[in-house]
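Below is one structure, written out as structure tokens; the observations come after it.
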Amino acid sequence: MRALIRNALQQIGFRDVREAPDGEEALKQLLAKPANLVISDFNMPKMDGLALLRAVRSHPPIVRPRS
């Protein structure tokens, strides 16, 4: 499913598309390099989508300021 979404986003012009196998890895990636958009599954191993959302919201530096 991640590959299908990545390919669809790339086909419509998105170039910097990253993916993670689980919620914990996604959070690590977001802490290392913020993103403008996060598409998440609710049912993921290690950290579900709701826990990921809460973690993202608790770390303001994750969200890039709009320019």
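A few points about this structure:
- Pair list, Cβ < 7 Å and 6+ apart or interchain, from the stretch 35-53 residues that are within 11 Å of residue 21 (Cα to Cα) to residues that are assigned to a loop (DSSP other than H, G, I, E, B): 44/22; 45/22; 46/22; 47/22
- Single residue of 4, 37 found to be of a type in the set (A, V, I, L, M, F, W, C) and either modelled with pLDDT under 90 or in a loop (DSSP other than H, G, I, E, B) (or both): 37
- Breaking point among (1) surrounded by 14 or more Cβ atoms within 10 Å (Cβ to Cβ); (2) in a helix (DSSP H, G or I); (3) in contact with a helix residue (DSSP H, G or I) (Cβ under 9 Å, 6 or more places away or on another chain), for residue 25: (3)
The values are calculated or read from the model by the stated rules, or taken from the named source; none is laboratory data. What you are looking at is a predicted structure, and each value in this text was computed from that prediction instead of being measured. Cβ coordinates were reconstructed from backbone atoms using ideal geometry, including for glycine residues, and neighbour counts include every protein chain displayed.
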